[in-house]
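A.B. asks: First the structure, which I've put down as structure tokens, then a few questions once you've had a look.
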Amino acid sequence: MPPVDVEWTSVIGLANQTLTTPALIDFVDKFASMLPEDVCTYIRHIHHRNVLRNNRLLAQLEDAVVAMNGLGITPIMLKGASTLATAPEERRGVRLMSDLDVMVMPDEAGMAAAALCAIGYDINYQTPPESQRWHVELNRPQDVGSIDLQQAAPGPACLYQSFGHALNHCVPAPLGRGRVYIPTPAYQALMLIIHDQFQDYGYWLGDLDLRHLVELRNLNNSAEGLDWGELTSFVSGELMKNAVETQLFALAELLGVEIPRALRSRLIPRLQFMRQLMQARFPATRVPLLAMNVLDLRNYRREATIVSTKTSASQRGLWSVPRASTLHFLLNATTAVRAGKV
């Protein structure tokens, strides 16, 4: 049942801020007779427009896949592109997305970009050669979104080293006239969590990405479901364990997903979730609560040292103060307004 005395303007405002307005269609369909008419009308309107937009994105994705297939390239669908490629038609408008994330092998990247340029795409941005993560953003005038072409899964490469190449965790699938690779639900969940917690610095900043939490819930509710054992088998090191369990704790507390108790009972993930809620309710706490990063500073230093030197980290010297440039970056990021984050 919907709660009573709801301030619907605030609810819609939060949904708009977190890019989850189309996902409210399920709630509207279930409780329409009990909700204000203008709320139902607005959410249905946004959902309908998102269905139209995502249909165009799907057609755009198929064109891009066919072009790459023509050069012998079978791309991996990441994040929203994976959801779009596999969603039943009636669920296609639930997720709001701005671009299509597509991954190819490093030795295929140049050919893939050329294949897209051959069907009318222009390169809007390409990372410099010295960048740790290569990606190129491509646009076409007639399309509603860009293609973000990548050659690695999101987030730091060191977090994926222990379980092999992404293709080991994908299955081939048709996409219209083309062929793609779709990550398993557990691998999709892992990439979403790493993207939010590390690539977008959510773990360090105490951010919540409700749109991706909804996507994790939908993965768990899909026919295949989430294999929690498979997901946790990907986790190595205390830092990654804390970050993954923080996301799972939020998933259980905010969206009611049944998470094994062992994955939502440890102290640091619980404290990090409390920080997320505090910051969402009282944004003025964002800067002082940056101090909570000390909880994982030792883990970060240890695991970064192991990756960079291929040896065990010393127990000494891991509690030094972060560099001034790191503190400056975190202070700027924690006060910035970022789409989809609270």
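A.B. asks: Go through (1) under 22 Å from the mean Cα position of the chain (by Cα); (2) in contact (Cβ under 8 Å) with a residue 60 or more places away in the chain for Asn50 and report which single condition fails.
C.D. replies: (2)
A.B. asks: Select from the range 65-81 the residues that are at pLDDT 95 or above and in contact with a Pro (Cβ under 8 Å, 6 or more places away or on another chain) and write down the one among them that is most open to solvent (accessible area, probe 1.4 Å).
C.D. replies: This residue is Thr74.
A.B. asks: Considering the range 96-152 alone, what residues qualify as being under 30 Å from Asn16 (Cβ atoms) and among the acidic types (Asp, Glu)?
C.D. replies: Asp99, Asp101, Glu137, Asp143, Asp148
A.B. asks: For the range 165-185, name all the residues that are buried (at least 21 other Cβ atoms within 10 Å of the Cβ) and outside any strand (DSSP E or B).
C.D. replies: His169, Pro185
A.B. asks: In the range 234-260, which residues are in contact (Cβ under 8 Å) with a residue 60 or more places away in the chain and either under 17 Å from the mean Cα position of the chain (by Cα) or under 28 Å from Ala339 (Cβ atoms) (or both)?
C.D. replies: Listed by number, the residues that qualify are Phe234, Leu239, Met240.
A.B. asks: So, one more: Can you name every residue in the range 84-93 that is in a helix (DSSP H, G or I) and open to solvent by 40 Å² or more (accessible area, probe 1.4 Å)?
C.D. replies: Listed by number, the residues that qualify are Thr86, Glu89, Glu90, Arg91.
A.B. asks: In this structure, is Tyr160 surrounded by 16 or more Cβ atoms within 10 Å (Cβ to Cβ), among the aromatic types (Phe, Trp, Tyr) and under 14 Å from the mean Cα position of the chain (by Cα)?
C.D. replies: no
A.B. asks: Please go through the range 137-164 and give me each residue that is assigned to a strand (DSSP E or B) and of a type in the set (Phe, Trp, Tyr), ordered by number.
C.D. replies: Result: no residue meets the conditions.
A.B. asks: Residues of the range 160-172 being touching a residue at least 60 places away in the same chain (Cβ under 8 Å) and in contact with a Phe, Trp or Tyr (Cβ under 7 Å, 6 or more places away or on another chain), which ones?
C.D. replies: Hits for the range 160-172 are Phe163, Leu167, Cys170, Pro172.
A.B. asks: Right, another one. Could you count how many residues in the range 100-136 are surrounded by fewer than 17 Cβ atoms within 10 Å (Cβ to Cβ) and part of a strand (DSSP E or B)?
C.D. replies: Residues that pass the stated criteria total 5.
A.B. asks: With (1) modelled with pLDDT of 95 or more; (2) within 30 Å of Ile43 (Cα to Cα) as the list, and Asp99 as the residue in question, which single condition is left unmet?
C.D. replies: Of everything listed in (1) modelled with pLDDT of 95 or more; (2) within 30 Å of Ile43 (Cα to Cα), Asp99 misses just condition (1).
A.B. asks: Let me ask something additional. Quick one: is Ala59 touching a Cys at 6+ places or on another chain (Cβ under 8 Å) and open to solvent by 20 Å² or more (accessible area, probe 1.4 Å)?
C.D. replies: no
A.B. asks: Could I ask something else about it? When you look at Val321, is it modelled with pLDDT under 95, β-branched (Val, Ile, Thr), open to solvent by 30 Å² or more (accessible area, probe 1.4 Å) and not in a loop (DSSP other than H, G, I, E, B), yes or no?
C.D. replies: no
A.B. asks: Also: Which condition number in (1) closer than 25 Å to Gly80 by Cα; (2) surrounded by fewer than 18 Cβ atoms within 10 Å (Cβ to Cβ); (3) among the hydrophobic types (A, V, I, L, M, F, W, C) is the one that Leu19 fails?
C.D. replies: All conditions pass for Leu19, except number (2).
A.B. asks: Have a look at Leu271, Leu231, Leu277 and point out the one that is within 21 Å of Gly80 (Cα to Cα) and either touching a residue at least 60 places away in the same chain (Cβ under 8 Å) or open to solvent by less than 60 Å² (accessible area, probe 1.4 Å) (or both).
C.D. replies: Just a single option satisfies the conditions, and that option is Leu231.
A.B. asks: Here's a follow-up. Of all residues in the range 188-203, which are of a type outside the set (D, E, K, R) and crowded, with 22+ Cβ neighbours inside 10 Å?
C.D. replies: Gln188, Ala189, Leu190, Met191, Leu192, Ile193, Ile194, Gln197, Gly202, Tyr203, listed by residue number.
The values are calculated or read from the model by the stated rules, or taken from the named source; none is laboratory data. Keep in mind the model is a prediction, meaning the values are calculated, not measured. Cβ atoms come from the backbone with ideal geometry, glycine included; neighbour counts cover every protein chain shown. These area figures cover heavy atoms from the full protein model, side chains too; ligands, DNA and RNA do not enter into them. Shrake-Rupley method; radii C 1.70, N 1.55, O 1.52, S 1.80 Å.
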